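One structure below.
The values are calculated or read from the model by the stated rules, or taken from the named source; none is laboratory data. Every value quoted in this text rests on a predicted model; they were computed, and no experiment measured them. When we count neighbours, we look across all protein chains shown, and the Cβ atoms used for this are built from the backbone with ideal geometry, even at glycine. Ligands, DNA and RNA are stripped out before the accessible areas are found, and what is left, the full protein with its side chains, is counted by its heavy atoms. Shrake-Rupley method; radii C 1.70, N 1.55, O 1.52, S 1.80 Å.
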Amino acid sequence: GGGCRGCRGGAGAVPALCRCPGRGGRRMRALRALRPRRLLAMAAAASAESGGPRGSRGGPVLTLESMNPAVRRVEYAVRGPIVTRALQLEKELKEGVPKPFSEVIKANIGDAHAMGQTPITFLRQVSALCLCPELMADPAIPSDAKERARRLLGVCGGQSVGSYSASPGVELVREDVARYIERRDGVPARAQDIFLSTGASDAIMSTLKLLVSGSGPSRTGVLIPIPQYPLYSAALAELDAVQLNYFLNEERGWALDLAELRRALAEGRRHCCPRALCIINPGNPTGQVQSRECIEDVIKFAYEEKLFLLADEVYQDNIYAEGSAFHSFKKVLMQLGPPYAESVELASFHSISKGYMGECGLRGGYMEVVNLDPAVKEQLAKLVSVRLCPPVLGQIVLDVVMDPPRPGEPSYERFQAEKTAVLSALAQKAQLTQEIFNKTPGIHCNPVQGAMYSFPRIDLPHGAVAAAKAQNQAPDMFFCMRLLEETGICVVPGSGFGQREGTFHFRCVPGAPPPQK
């Protein structure tokens, strides 16, 4: 029990090497147990028990089975398999592979400039000046463009668009957005309620992140229109939220039906917690424009049912049909007065990607929040700060859209002429597309009141439906793929946007250029 001198700690003691039965001997036996051969044997035994080696690369860490299942559920039809095939066909044409067409016509996505729309000169001049300030010396560039560029560069760090901005966006641009909203709606707007974003999509995703919570019956449900822009279904899948479909009325020009909203809400409440209602106005992919009466009804419905409103208004400049007009949800909400104006929570979205601008690749947009809890607004500011800031060049172009040339300024007449020409051309193409479709047997197209798309219904024979089933394809996907293979025209099947059971559609961009002869 007493041990040797080494155990007792005498002169020159090395307790760990002691072999006596005392304390030092026990330490020595413990160390001997840790010899390399024994360690390897112990590791092998543990590995066998656990089903495999821990330190070896038996396979990849990230597989389809181990990855986030919510991401696997994400689908985005606008850039889906049919677009992949269209790109393959373009490559084959370049390689000289014979086809029954000379080029692929991409009518699948609202990418205005890719379809031949000319950029607005003033927007490009201001952005060019901000990117290359040495162009200030160019006498060919009008003075108002230079003044605008100096004003914007003056609020950029180091007077460079290559610097970060504040996370919610450049303060000056947010102020200009607020002034634009006030001019548009005739009601007050505040810069602190404006959050600039990487296009509208980024802002929509941020808002949904704030809304989604709970699990099981308490999991957040979001009401979205069917047909819908696939961003919404993809975002809800990624966030593992519950998608609640309400169907637009095709027989009434894709109108929003309040009774259908009530049906979808009641059904959703049986298995989740509906918290938000999304409206796309003007409609994508359906091209309808909501009346003021309809917007009032939706706001009152949201108030009664305690729902957060998301108003996707990125096509607000694209109004074509006679008698149609754009009414923002913010304006109608404020003009309704109490109790709606002071309590209904609203986030509305706009972008530089559509309208007459078509600057899809520059990624600029904003959202305005109304009646948002101040504590939640702080959390939103924190959330957007994680992404540092939206692209500053996109913010620059957004500012010019919000505050275009004024009457009497050097660029005004050219700006107005270009803007009018773009919107007129889009309106003519929308009307022509509708007329051509309705003259084609088996295709039925509602009037395109606004936005950039038509969503015609197609009658498919039983043989085509059976052939699609044999290839494990949705019937409208089968139709769109055959259309692509035989004509080179790329459109998106309606199944990617949602549609009533037993109906088939496709989305077409009327602005697509005609085939080259």
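Solvent exposure of segment 158-402 amounts to 36 Å² per residue of accessible area, where only protein heavy atoms count and the probe is 1.4 Å. Once all protein chains are placed together, R219 keeps about 50 Å² accessible to a 1.4 angstrom probe.
I'd like the trypsin sites (Lys or Arg not before Pro) in segment 318-414 restricted to DSSP loop residues with at most 12 other Cβ atoms within 10 Å, sorted by number.
R387
The calculated Kirkwood hydrodynamic radius for the chain is 26.6 Å, given to one decimal from all distinct C-alpha pairs. Computed about its Cα centre, the charge dipole of segment 274-410 is approximately 340 debye, with only Lys, Arg, Asp and Glu carrying charge at their Cβ. Helix-only arithmetic for the chain: the sum of -39500 (n - 2.57) across DSSP H runs with n ≥ 4, divided by the residue total, places the mean residue ellipticity at 222 nm at -12500 deg cm²/dmol.
Placing unit charges on the Cβ atoms of the charged side chains and taking the dipole of segment 158-402 about its Cα centre, the candidate lying farthest along the positive direction among S328, I204, Q316 is I204. In terms of the mean number of neighbouring beta-carbon atoms within 10 Å, the peptides 439-445, 130-136, 142-148, 503-509 order highest first as 503-509, 142-148, 130-136, 439-445. Each peptide in 446-457, 118-129, 191-202 gets a packing score, the mean of other Cβ atoms within 10 Å over its residues, and the list from highest to lowest is 446-457, 191-202, 118-129. Against the empirical 2.2 N^0.38 Å (N residues), segment 117-174 has a Cα radius of gyration ratio of 1.16.
Projecting the Cα atoms of L64, Q395, P282 onto the charge dipole of the chain, computed from C-beta unit charges around the Cα centre, puts L64 farthest toward the positive end. Based on every Cα atom in segment 259-337, Rg and the maximum pairwise Cα distance Dmax equal 13.4, 42 Å.
Contact order, relative form, for segment 158-402: 26 percent (alpha carbon pairs under 8 Å, 6 or more residues apart, mean separation divided by residue count). Between the helical axis of 258-268 and the longest alpha-carbon principal axis of the chain there is an angle of about 10 degrees. Once the Cα atoms are used to define both axes, helix 292-305 deviates from the longest principal axis of the chain by about 30 degrees. Here segment 287-305 and segment 454-505 have alpha carbon centers that stand 32 Å from each other. Scaling against 2.2 N^0.38 Å puts the C-alpha radius of gyration of segment 158-402 at 0.97. Surface composition of the chain: carbon plus sulfur atoms hold 55% of the accessible area, using a 1.4 angstrom probe and ignoring ligands, DNA and RNA. When only alpha carbons are used to place a centre, segment 218-260 and segment 381-444 end up 25 Å from one another.
Helix 143-153 versus the longest principal axis of the chain: what angle, 0 to 90°, nearest 10, using Cα atoms? Between helix and principal axis, roughly 20 degrees. Toward the positive end of the charge dipole of the chain, with +1 on the Cβ of Lys and Arg and -1 on the Cβ of Asp and Glu, the farthest Cα among I352, L432, A468 is that of A468.
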